[in-house]
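Participant: What follows is a single structure, and I will ask about it in a moment.
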Amino acid sequence: QVQLVESGGGFMEPGGSLRLSCAASGSIFRALDMGWYRQAPGKEREWVASMFSGGRTNYADSVKGRFTISRDNAKKLVYLQMNNLKPEDTAVYYCNGWIGQINYWGQGTQVTVSS
């Protein structure tokens, strides 16, 4: 079983930076593909970024060049570095891990970008 716990959310002015962390439990972390999703009020949950177990990364066009996903397998952590934040980045951010057809989700952390 895998549990994911996000942290690092908060309030930031436009142009600022935040780093989200996702702490994982379980022995299969290294084999998991990991990602971040977000859900803004009144909107569907959307994919933000992925980092596969082999190291390859993908980003949504809306965050490409501003957000960076990374992972530390030894510490079982996944990060989302968010730079040049915009008001439209305001959402609850969720950590996701998957292997095969099995998905694991964290409880989410709120990010609010406003002046």
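The values are calculated or read from the model by the stated rules, or taken from the named source; none is laboratory data. Quantities reported herein were computed from a predicted structural model and do not represent experimental measurements. Glycine gets a Cβ as well: all are built from the backbone with ideal geometry, and neighbour counts include every protein chain shown. When the accessible area is computed, the model is the full protein with side chains, heavy atoms only, and any ligands, DNA or RNA have been set aside. Shrake-Rupley method; radii C 1.70, N 1.55, O 1.52, S 1.80 Å.
Participant: Hey, among 107, 101, which residue is farther than 22 Å from residue 12 by Cβ and surrounded by fewer than 13 Cβ atoms within 10 Å (Cβ to Cβ)?
Facilitator: 101
Participant: Quick one: residue 58 ticks every box in (1) within 11 Å of the chain's Cα centre (by Cα); (2) exposed (fewer than 14 other Cβ atoms within 10 Å of the Cβ); (3) among the polar types (S, T, N, Q) except a single one, so which number is it?
Facilitator: Every condition holds for residue 58 apart from (1).
Participant: Further question: Taking only pairs six or more apart or across chains, which ones have beta-carbon atoms under 7 Å, a first residue in region 39-54 that is of a type in the set (Asp, Glu), and a second residue that is not in a loop (DSSP other than H, G, I, E, B)?
Facilitator: 46/37; 46/38
Participant: List every residue pair whose Cβ atoms lie under 6 Å apart, where the two residues are 6 or more positions apart in sequence or sit on different chains, the first residue falls within region 79-108 and is within 14 Å of residue 67 (Cα to Cα), and the second residue, located anywhere, is polar (S, T, N, Q).
Facilitator: As it stands, the answer is 79/21; 79/70; 81/68; 83/17; 90/112; 93/109, since those pairs meet every condition given.
Participant: Now, a different point. In region 1-43, what residues are among the charged types (D, E, K, R) and open to solvent by less than 60 Å² (accessible area, probe 1.4 Å)?
Facilitator: Matches in region 1-43: 6, 33, 38.
Participant: Please list, ordered by first then second residue, the pairs with beta carbon atoms under 7 Å, 6 or more apart or interchain, first in region 7-25 and part of a loop (DSSP other than H, G, I, E, B), second among the hydroxyl-bearing types (Ser, Thr, Tyr).
Facilitator: Hits for this filter: 8/21; 8/109; 9/93; 9/109; 13/115; 14/115.
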